[in-house]
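Enquirer: Okay, handing you the structure first.
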Amino acid sequence: MSKKLEGKVALVTGGTGGIGTAICKRLADAGCRVVTNYRNEEKTQKWRDACKSEGYEIATIKADVSHYLECEALIAQIEKDFGPVDILVNNAGTTRDATFRKMTHEQWAAVISTNLDSVFNVTRPLIQGMMDHGFGRIINISSINGQKGQFGQSNYSAAKAGMHGFTMALAQEVARKGVTVNTISPGYIATEMVMAVSEDVRNKIIAQIPVGRLGEPEEVAYVVECLASEEAAFITGADISINGGQYMT
Ligand code: CAA
């Protein structure tokens, strides 16, 4: 296993989820000191134990990405314990699917705050540090449904499209400081989030994927490692699709 990212500090938000876990492991394999935030103590203890039994030491710090002050404290804690963050993967996300005519304000707000406000909350406290030391990699995990829209996901599609707008704007602001900002838009990946969609709807979705299957979390983690590397310095403001050909931009 190459240790291309040896010594780098990586923060992966929502690291205990399906795609997040694969990203944490991949970055750890590449030599990073990996940290993730969490909300649920019990779930995270089990996750940490499972990672440990596979030889992974992933640091976990309690913080809700939808709360700005908790994110400020999270970044301060990481800087104190491990040093400045070199690689940030804004991966935390949630769904509250409903057709818009039935969607409650709570369903709208929960998705916008966890999926989009979080990007401000986590990135803002660390951006100056990345610019000051002339290196940074920010990778925003968006979705195919931010690119094409999805029936039943006006909240989620809005948040995920917003993430890429953020990517393109911030990429311009920090380009001369050695910091890149990119979006990855996964399609339907075999995680709990996708398995929560009814089987009937899911099968219809799979039928629309030219590769003929759901994606694997590791297939997303592979691209995260590429974008995080020193060699990816000329890739910025991009939106990279990983969707089995389901939607081609
Ligand atoms: N296009 C057009 N019409 C559709 C439709 C579609 N894709 N799906 C359902 N409809 C129609 C139905 O036929 C029905 O029509 P009638 O009223 O004329 O009978 C009507 O819409 C149903 O409307 P309801 O408001 O009653 O919808 P519902 O409550 O039954 O279901 C839903 C809504 C739960 C959101 C369901 O549509 C659904 O599960 N959609 C899939 C959402 C999805 O893909 N989520 C992805 C989660 S994974 C993820 O987000 C990760 C990622 O990044 C990819």
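The values are calculated or read from the model by the stated rules, or taken from the named source; none is laboratory data. Not measured: the values here are computed from a predicted model. Don't worry about glycine lacking a Cβ; one is built from the backbone with ideal geometry, like all the others, and counts go over all protein chains shown. SASA here: full protein model, heavy atoms, side chains in, ligands and nucleic acids out. Shrake-Rupley method; radii C 1.70, N 1.55, O 1.52, S 1.80 Å.
Enquirer: So, counting K/R as plus one and D/E as minus one, what does the shell of residues with Cβ under 14 Å around Asn121 add up to?
Expert: That sum, taken over residues with Cβ under 14 Å, equals -2.
Enquirer: At 0.36 nm per residue, minus the direct Cα-Cα distance, what do Arg101 and Lys3 gain on full extension? Give it in nm, one decimal, please.
Expert: Details: separation 98, 0.36 × 98 = 35.28 nm, distance 4.99 nm.
Result: 30.3 nm gained on full extension.
Enquirer: Let me ask something else about it. Whole Å is fine, so just give me how far the alpha carbon centre of the range 190-249 lies from that of the range 1-57.
Expert: 20 Å
Enquirer: Count the lysine pairs in the range 9-241 whose Cα atoms sit under 25 Å apart, keeping only pairs 8 or more residues apart in sequence or on different chains.
Expert: Close lysine pairs under the 25 Å cut-off: 20.
Enquirer: Quick one: Kirkwood hydrodynamic radius for the range 105-225, alpha-carbon pairs, angstrom, one decimal?
Expert: 15.8 Å
Enquirer: To the nearest Å, what is the center-to-center distance of the range 64-135 and the range 153-176, using C-alpha atoms only?
Expert: Using only Cα atoms to place each centre, the spacing works out to 13 Å.
Enquirer: Another one. Counting other Cβ atoms within 10 Å of each Cβ, which trypsin sites (Lys or Arg not before Pro) in the range 130-232 have at most 14 and sit in a DSSP loop? Intermediate values should be presented prior to the final figure.
Expert: On the way: sites: Arg137, Lys148, Lys160, Arg176, Lys177, Arg202, Lys204, Arg213; in loops: Arg213.
Answer by residue number: Arg213.
Enquirer: With only alpha-carbon atoms counted, please give the Rg and Dmax of the chain, in Å.
Expert: Taking only Cα atoms of the chain, I get Rg and Dmax of 17.2, 51 Å.
Enquirer: Can you divide the C-alpha Rg of the range 190-249 by 2.2 N^0.38 Å and report the result to two decimal places?
Expert: Working: Rg = 14.2 Å, N = 60, 2.2 N^0.38 = 10.4 Å.
Taking N as the residue count of the range 190-249, the ratio is 1.36.
Enquirer: Then there's this: DSSP loop (so not H, G, I, E, B), at most 13 other Cβ within 10 Å: list which GluC sites (Glu not before Pro) in the range 1-93 pass both filters.
Expert: Sparse-neighbourhood loop GluC sites (Glu not before Pro): Glu6, Glu54, Glu57.
Enquirer: Calculate what fraction, in whole %, of the accessible area of the chain sits on carbon and sulfur atoms when a 1.4 Å probe is rolled over the protein chains.
Expert: Summing carbon and sulfur atoms, their accessible area is 53 percent of the total for the chain.
Enquirer: Quick check on packing: order 214-225, 26-37 by the mean number of other C-beta atoms within 10 Å, highest mean leading.
Expert: 26-37, 214-225
Enquirer: Sequence gap at least 6, Cα distance under 8 Å: using those rules, report the relative contact order of the range 9-241 to the nearest whole percent.
Expert: 21 percent
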